[in-house]
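Derivation of every value follows stated rules applied to the coordinates shown; laboratory data play no part. These numbers were taken from a predicted model, which means no experiment stands behind them. Cβ coordinates were reconstructed from backbone atoms using ideal geometry, including for glycine residues, and neighbour counts include every protein chain displayed.
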Amino acid sequence: MIYLDNSATSKPSALALKAFVEASELYFANSASPHKAGRESNRLVESSRSKILKAVHLENSHKCLFCSGATEANNLALKGIAFQYARRGKTIITDMGEHSSVKNACKELGERFGYNIVSLPLNEEGKVDPKELEKAMNNDVILVSILAVNNETGAINDVKKLGEIVHKFPKAYFHVDATQAIGKENFDYNAADLLSFSGHKFGAPKGTGALLYKKTIKFVPISNGGEQENGYRAGTVDVPGCYSLALAFEDVIKKLKEHRENASSLMEELEKGISSIEECSINSPKGHSPYILNFTLKKKKASVVVEALSQKEIYISTHSACDISSNQGSPVLLAMGKSQEDAENALRVSFSYESKMEEVETFLVELKRILSEIKDR
Ligand code: PMP
C-alpha cells in the first residue's frame, strides 16, 4: 500500500501504540477516583499535560485541555470563548480557508446566537493577508480564529504577524487551529492564546487531541457533567489516550527538522513530476507546507483518477475528508480565486514523516499511466 493521504489521517506510530497499550493495562483506573490507582492514573494525565506544554515552551503561560481532537477543541475554543466573553463584544473574525469545524461553529454562532461573524478572504496564495485582518479589527472583536497550515493546499499563515495584530486589541483572543502544523511546521506557538490539534495527524491514536490555552482564559463549557479537565470537558478521562498523545507530540516536535527535510526532498520530486505533466496545474502556493500538494487535472475527472489509483492501492484524496458531502468544488480553492472547474477537479497528495521516495516515484509512474489510459472528461 502507498498511503499519501496523511492530511486526512496517519498511521499510528509504534511509540504511540505501545504507550497506549501499556497505559491501558497499567493505568485503567479512573483518574478522578480517590484511591491510589486513581491517583496514579491522574499523575499520568498531569505529566502528559506537562510534556505537551514543555515541548512547545508553553508551560508557564498556557494550560492543556485534553479532548477528542481538533473538531472538539475548535468548537470549545469558539463557542466557549464566545459565550464567556459575550458582554465584551459580539464580533468573531475568521477566514475562508478554515476547516469545517471552525467554519460551521462560526456559522452556528452567527445564525443561532446572533454573533457578528466576519470571514476574511484569502489572497491568491491561499493565505490570510495580515492587512485584511488589520482592516477588520475593532473593539467589538472578542476572538480571531485562523489556521496555521491549510489542510487542502498547505498554505502557511503568518501566525506571529496575525497574533501581533490581534493583540493590539486587549479584549480579543487569537485562536490557531494548528492541526496540520504540529510536528510539521515551526511557528510562534506563543502568539496563540488558544491552539487546537488532533493526535491522529502525527501518529497518536484517533480520538485524541488537545486545546492549549492561556492561563488567564475562561470558557463556558460546551458539555456539562463532572469536573474533569477543570470543569471544561466533563467525562471520564482517556488516560492512555492522553499519554500516547503526549509521547507522540514530544517525538514529532523533537524530530520536526529531520522529518521536514525528508518531506521537502519528497515534495521537490513530487512537484517536479507533477509540473512535467502537461494537464496538471499546481494549486498549492509558493512556500507551501512540504507535506501537502494540491493540483488540478485539466482534462480527466479527479474522482476517476483517485479510484484508478486506489485499485493499485495508492491512496490520495480529491478534497478534505471533512468536506466529503460538498460536490460544489473546494471552497478553499474558490476563495483563492481558482475557477469552478479547477476547484471541482483537484487532487491532494499528503505525506507523513514516514513517506518514502520510492512511494513518490511509483505514484508518479502510476498517475502518468492512468492519465494516458482513461478518457478525457
Ligand atoms: N482542522 C484541520 C486544519 C484539519 O485538517 C482537521 C482534520 N481534517 C480538523 C481540524 C479536524 O480534526 P478531527 O477530525 O481530528 O477532529
Nearest-5 percent of antiparallel DSSP beta bridges in the chain? 55 percent
For the chain, set up a Gaussian network in which alpha carbons nearer than 10 Å are linked by springs, and say which option among HIS167, HIS35, HIS259 fluctuates the most. HIS35
Distance from the Cα centre of segment 277-302 to that of segment 1-63, in angstrom? 36 Å
When the dipole is taken about the Cα centre of the chain, and only Lys, Arg (+1) and Asp, Glu (-1) are charged at their Cβ, what size is it in debye, to the nearest 20? 1100 debye
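Once the cut-off is 12 Å, how many percent of the Cα-Cα pairs in segment 222-273 end up in the long-distance tail?
Values: 975 of 1326 pairs.
For segment 222-273, the fraction of Cα-Cα distances above 12 Å is 74 percent.
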With r as the distance between the Cβ atoms of GLU46 and VAL220 and R0 = 22 Å, compute the FRET efficiency 1/(1 + (r/R0)^6) and round to 0.05. 0.35
Mean residue ellipticity (222 nm) of the chain, computed from DSSP H runs ≥ 4 via -39,500 (n - 2.57), nearest 500: -11500 deg cm²/dmol
Per-pair calculated FRET efficiency, R0 = 22 Å: MET96 and LYS135 via Cβ, rounded to 0.05: 0.90
Computed over segment 253-343, the relative contact order (Cα-Cα under 8 Å, seq sep at least six) in percent reads 18 percent
Out of VAL144, VAL365, VAL332, any idea which swings most in a Gaussian network model of the chain, alpha carbons joined below 10 Å? VAL365
Figure the gain on full extension for HIS57 and GLU111 (residue separation times 0.36 nm, minus the Cα-Cα span) and round it to one decimal in nm. 15.7 nm
Which listed residue (MET357, ALA343, SER372) has the Cα farthest towards the positive end of the charge dipole for segment 334-377, taking +1 on Lys and Arg C-beta and -1 on Asp and Glu C-beta about the Cα centre? ALA343
Hey, rough spin-label estimate for ASN186 and LYS18, points 7 angstrom out along Cα→Cβ, what's it come to in nanometres? 2.7 nm
The helix 302-311 Cα axis meets the longest alpha-carbon principal axis of the chain at an angle in degrees, between 0 and 90 and rounded to 10, of 90 degrees
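Test of understanding: express the Cα radius of gyration of segment 1-66 as a ratio to 2.2 N^0.38 Å, with N the residue count.
Working: Rg = 15.4 Å, N = 66, 2.2 N^0.38 = 10.8 Å.
In units of the globular-protein estimate, segment 1-66 measures up at 1.43.
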Between the Cα axis of helix 14-26 and the main Cα principal axis of the chain, the angle (0 to 90°, nearest 10) is 30 degrees
Please compute the length gained on full extension between ASN230 and GLU361, using 0.36 nm multiplied by the number of residues separating them and subtracting their Cα-Cα distance. 42.3 nm
Could you work out the mean projected area of the convex hull around the alpha carbons of the chain, in square nanometres to one decimal? 18.4 nm²
Give the Rg (one decimal place) followed by the Dmax (whole number) of segment 101-247, computed from C-alpha coordinates and expressed in Å. 16.1, 47
For segment 11-137, the Debye formula with one identical point scatterer on each Cα and no solvent gives log10 I(q)/I(0) at q = 0.13, 0.15 Å⁻¹ as -0.79, -0.93
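Given charges of +1 on the Cβ of Lys and Arg and -1 on the Cβ of Asp and Glu, with all other atoms neutral, how large is the dipole of segment 139-187 about its Cα centre, in debye to the nearest 20?
Values: 5 positive and 6 negative charges, 36 e Å.
Once rounded to the nearest 20, the dipole reads 180 debye.
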If each part is reduced to its alpha-carbon centroid, segment 77-116 and segment 162-222 end up apart, in Å, by 16 Å
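In segment 281-377, which GluC sites (Glu not before Pro) are in a loop and have at most 16 other Cβ atoms within 10 Å, using DSSP for the loop call?
Values: sites: GLU307, GLU313, GLU341, GLU344, GLU354, GLU358, GLU359, GLU361, GLU366, GLU373; in loops: GLU313, GLU354.
Answer in residue order: GLU313, GLU354.
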Dividing the alpha-carbon radius of gyration of segment 163-251 by 2.2 N^0.38 Å, where N counts its residues, gives 1.19
Quick one: which of LYS127/LYS356; LYS18/LYS206; LYS51/LYS127; LYS54/LYS127 span more than 25 angstrom between C-alpha atoms? LYS127/LYS356; LYS51/LYS127; LYS54/LYS127
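When ranked by the protection proxy of mean other Cβ atoms within 10 Å per residue, highest first, what sequence do the peptides 275-284, 261-270, 242-251 form? Don't jump to the answer; show the numbers that get you there.
Numbers: 275-284: 15.7, 261-270: 17.5, 242-251: 26.2.
The peptides rank, most packed first, as 242-251, 261-270, 275-284.
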Among LEU245, ALA204, MET137, whose Cα sits farthest toward the positive end of the charge dipole of the chain (+1 at Cβ of Lys/Arg, -1 at Cβ of Asp/Glu, about the Cα centre)? MET137
Quick one: helix 256-275 against the long Cα principal axis of the chain, what's the angle to the nearest 10°, folded into 0 to 90? 30 degrees
Highest first, please rank the peptides 71-84, 205-218 by the mean number of other Cβ atoms sitting within 10 Å of their residues. 71-84, 205-218
